[in-house]
Amino acid sequence: MLATNDGLGFYEEEYRDAAGVMRQWLVNKLPLLRADGAIENIVTVALDIGERKRSEQEMRKARDAAEAALRNLRETQNSLIEAEKLAALGRLVAGVAHEVNNPVGISLTVASSLERRVARFGEEVARGDLRRSALNEFIEANRDAASQLVANLNRAAELIQSFKQVAADRNYSDQRVFDLADLTEQVVMSLKPGLRKQKLALSVECQPNLTMNSYPGPYGQVITNLLLNAVAHAFPGGEGGAVEIKVQEAGADHVEILFSDDGIGMTPEVRRRAFDPFFTTRRDQGGTGLGLHIVYSIVTSRLGGRLHLQSEPGHGTRIQIILPRTAPLEVAAE
């Protein structure tokens, strides 16, 4: 200040007072000049800002605590979302295992019967008691057994292949070209066993030759969550109902997936919060409130699409999903 004959401007300084207490001040020093321009006096103005500093420190601590809580909440939410995805996959596995058990069990029964029949036929041949009628009967029985074995084992193979494709797509995080109708039918086929036990009639109508360059795994998760959500919420009494999935072109660059059920529908309050995380009307029965939230997140973030929900009490639910046939580059890069 002596060198410039000018004030310092406001600045902060701190020091301990005579009692040893740390004090914070907002300080300014101004020169009082004589007629010849030399400094005659220096005026110091100091404002005690200790309370403000303490408030700022408390605000920083509160902000840090809030940011830490937000991080923990996001980590917990991500963990719950992954748990919900695994739970959905577990229900799918249980349904497929139950369905595969039927054709495999029938095939085992037929094969066991055929084994006994062959043993008896061999004994007759060894004794020389073989008659033409017995030979004809043996051939006809073998033909029937072979037909049943082929039909049932083909059914089991189809179910296993469908499940393998769905499971592989669930773990496939990269973009690829796929036929939307084929993928939709594969996902639905893997879920049908569980739907039969719920007395649900499921119809799927897919426009052929709809190719997409997108993410098959997340798309399969969307269909799975929509179906499981309908099972859990649209038909709570187990009285059964109908679910319809329609897949069709929506202009040259988009596809439309219409998912509808004739269940109990939603009240305006439930409809308004349907896609909110952790919102559920079945908390007492183990609902996590993440099923439709995952659907919304995948459609809008991962697949670059949009969705619209229509539902009225007693008039079922209809969800319209519009997806680009090619996932946006900015979405694909995430």
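The values are calculated or read from the model by the stated rules, or taken from the named source; none is laboratory data. As the structure is a prediction and not an experimental result, all values here were calculated from the model. All Cβ positions, even for glycine, are placed from backbone atoms using ideal geometry, and neighbour counts span all protein chains on display.
Selection of first residues in the stretch 249-265 that are over 19 Å from ASP179 (Cβ atoms) and of second residues that are among the aromatic types (Phe, Trp, Tyr) and surrounded by 14 or more Cβ atoms within 10 Å (Cβ to Cβ), restricted to Cβ pairs under 7 Å at least 6 apart or on distinct chains, gives the following pairs, ordered by first then second residue: GLY263/PHE235. Filter the stretch 265-304 for residues that are part of a loop (DSSP other than H, G, I, E, B), polar (S, T, N, Q) and at pLDDT below 85; which is surrounded by the most Cβ atoms within 10 Å (Cβ to Cβ)? So, considering only residues that are part of a loop (DSSP other than H, G, I, E, B), polar (S, T, N, Q) and at pLDDT below 85, the one surrounded by the most Cβ atoms within 10 Å (Cβ to Cβ) is THR280. Only residues that are modelled with pLDDT under 85 and either in a loop (DSSP other than H, G, I, E, B) or in contact with a strand residue (DSSP E or B) (Cβ under 7 Å, 6 or more places away or on another chain) (or both) were counted across the stretch 305-334, and they come to 3. Across the stretch 4-39, what is the number of residues that are more than 20 Å from ARG52 (Cβ to Cβ) and either in a strand (DSSP E or B) or among the basic types (Lys, Arg) (or both)? Residues meeting the conditions: 7.
Only one of the numbered conditions (1) under 22 Å from ARG271 (Cβ atoms); (2) touching a helix residue (DSSP H, G or I) at 6+ places or on another chain (Cβ under 7 Å) is not met by ALA242, and that is (2).
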